[in-house]
Each structure stands twice: as structure tokens, then as C-alpha cells.
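The values are calculated or read from the model by the stated rules, or taken from the named source; none is laboratory data. Fair warning: this is a prediction, and the values are worked out from it, not measured in the lab. Note that each Cβ is placed from the backbone with ideal geometry, even for glycine, and that neighbours are counted across all protein chains shown. The accessibility values were calculated without ligands, DNA or RNA, using every heavy atom of the protein model including side chains. Shrake-Rupley method; radii C 1.70, N 1.55, O 1.52, S 1.80 Å.
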Amino acid sequence: MYVAVIAENIADRKHMERLLDRVSDAIMDTSGNLYIESFGDAGSIEPVVHRYSMFFLDFQTDMQAMKEIMDKLALCSVPLSKIIICRPEESTARLPQFTEGLLAVQKPLRMEQLIQIVLKIHEAELKAKVPTLEIRNEEQTSYIPISSIVYAEEEGHQVHIHLTEGNGIFMLGTIADFAREVAFCGDFITYKKGFSYNKAFEENKSAGKITLSTGKIFSLSIFDKKLFKQ
């Protein structure tokens, strides 16, 4: 599991890293290794946010900065159940809009409470394992839940992947490359015209046309008619 530590103080980040390394050794037989990466803010974590199974936030003074980080994580669809505040539990009352589902650990940090939280999140992750797609482009590598992909279209030497939030992300390669990446889940239909869509969002199929629940309409080429009839 990948673990992100975001803290305003370098010493706190290093201390958390050391503790989590010890936690990793203690629970290796149960959950495997923990891969710990630390950050001073959320800016550098956004492109790869879906890699992480949990996020430890340690802010002693700048509560507004912590709130802004939580807002960014929320925009990336990170559930509150994966966010742990490294402060006394009563401090969560300062952020009433985020209290539901939050976990908190008391400082000074203890191995026992960290092990308990890590195992709890690991167990929940196993119960609700979400298949993700690794998307690479010239700028970054992202990890996107398969279920959040509505459709993809080939544009030049890239594939434009459209997500449920209304935004999109580019992937290097062709629509055939995309189709191979999502083939394991069996939820996508790909056409030679250069597009692929998630069957969960299919609203209507008529002669030569496919309409998605988002309002997107695909017109089929003559080469796609045979696949359409299957």
C-alpha cells in the first residue's frame, strides 16, 4: 500500500516516516509493505493522488492549509475514510464540515494506534477494491478508477478520456491501446472510428447512433455497423 504523509513541519514528516516504516515491518505478513512518501503541501501529490491508500495530515498551526488540502483531496474523489488527522480528536471540531468519516490519531503518536488505523483501512480496501487505470501522458502519470471513465476518443496521437466529474485527461497512444488497458473489466465497447465508451453510461442504441446518459452522441462509421449489430 502507498501511504502519503502531508505535514507542514519537516521534522514531523520525518518522524511519521520512521514510525510508518516500523508499522510496515510489524504488519508485513498481513498487509504487505507500506510505501511511504511525504509532502509539504498537496500540489505535488495531485497528479498521482489515486495511488495512495491513505493520507496522514499533520498540521499544528495552519489549520486553513489543512482545510485547503482536504478540499483538494475531495476534488480528486478521495473518500474521507482514507484521511487521518494527526492531532487530538477534539481538534476535528474546528472543521465541522469534514468531521464525518474522519479518523484522528493522538499526538504524541504511538505504534499501536497507527497499526490499528492502517489495518482498518487495509481491510476496507480489500472489501471494496476499485479497479484503476494507469494513464500516462507527456506531463504525468495518473491512476483513475475505471468506473469514473465515461468514454474515450482518439485525438491525434493521444486518447482523450472523459470522466464522470465532467473533466478529462489525455493518455499517450491510440484508442486500441486504451481498449487493451480496459479489456480486463469487460465494461467498454470500442469502435474503429476511434472511440470507446463505458456500457454503464449507455442510454440508447439506434441505427448508426449511440447516446450516452451524459448527452454525448456517437455516430457510427460504415465499418462499425457490423460490431453494432452484435
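Filtering the range 47-69 to residues that are in a helix (DSSP H, G or I), of a type in the set (A, V, I, L, M) and either crowded, with 20+ Cβ neighbours inside 10 Å or more than 14 Å from the chain's Cα centre (by Cα) (or both) leaves Met63, Ala65, Met66, Ile69.
Any residue at all in the range 88-96 that is open to solvent by less than 60 Å² (accessible area, probe 1.4 Å) and modelled with pLDDT of 85 or more? No, the range 88-96 contains no residue that is open to solvent by less than 60 Å² (accessible area, probe 1.4 Å) and modelled with pLDDT of 85 or more. Taking the range 22-40 as the range and being modelled with pLDDT of 90 or more, open to solvent by 60 Å² or more (accessible area, probe 1.4 Å) and of a type outside the set (Gly, Ala, Ser) as the test, the residues that pass are Arg22, Asp25, Tyr35. For the range 174-184, check the following and say yes or no: at least one residue is assigned to a helix (DSSP H, G or I), touching a strand residue (DSSP E or B) at 6+ places or on another chain (Cβ under 7 Å), acidic (Asp, Glu) and within 30 Å of Lys14 (Cβ to Cβ). No, that holds for no residue. I'd like to know if the range 203-219 contains one or more residues that are assigned to a strand (DSSP E or B) and either of a type in the set (Asp, Glu) or within 20 Å of the chain's Cα centre (by Cα) (or both). Taking every residue of the range 203-219 in turn, at least one turns out to be assigned to a strand (DSSP E or B) and either of a type in the set (Asp, Glu) or within 20 Å of the chain's Cα centre (by Cα) (or both).
Restricting attention to the range 1-46, the residues that are part of a strand (DSSP E or B), β-branched (Val, Ile, Thr) and closer than 19 Å to Met63 by Cα total 2. All of Lys129, Lys193 fail the test of being within 19 Å of the chain's Cα centre (by Cα), at pLDDT below 85 and in a loop (DSSP other than H, G, I, E, B), apart from Lys129. The set of residues from the range 19-47 being closer than 24 Å to Met70 by Cα and either free of Cβ contacts under 8 Å to residues at least 12 places away in the same chain or among the hydrophobic types (A, V, I, L, M, F, W, C) (or both) comprises Leu19, Leu20, Leu34, Ile36, Phe39, Ala42, Gly43, Ser44, Ile45.
Whether any residue in the range 126-142 is surrounded by fewer than 14 Cβ atoms within 10 Å (Cβ to Cβ), polar (S, T, N, Q) and within 29 Å of Val5 (Cβ to Cβ) is what I want to check. Scanning the range 126-142 turns up at least one residue that is surrounded by fewer than 14 Cβ atoms within 10 Å (Cβ to Cβ), polar (S, T, N, Q) and within 29 Å of Val5 (Cβ to Cβ). Scanning the range 161-187 for residues that are crowded, with 16+ Cβ neighbours inside 10 Å and charged (D, E, K, R) yields Glu181, Asp187.
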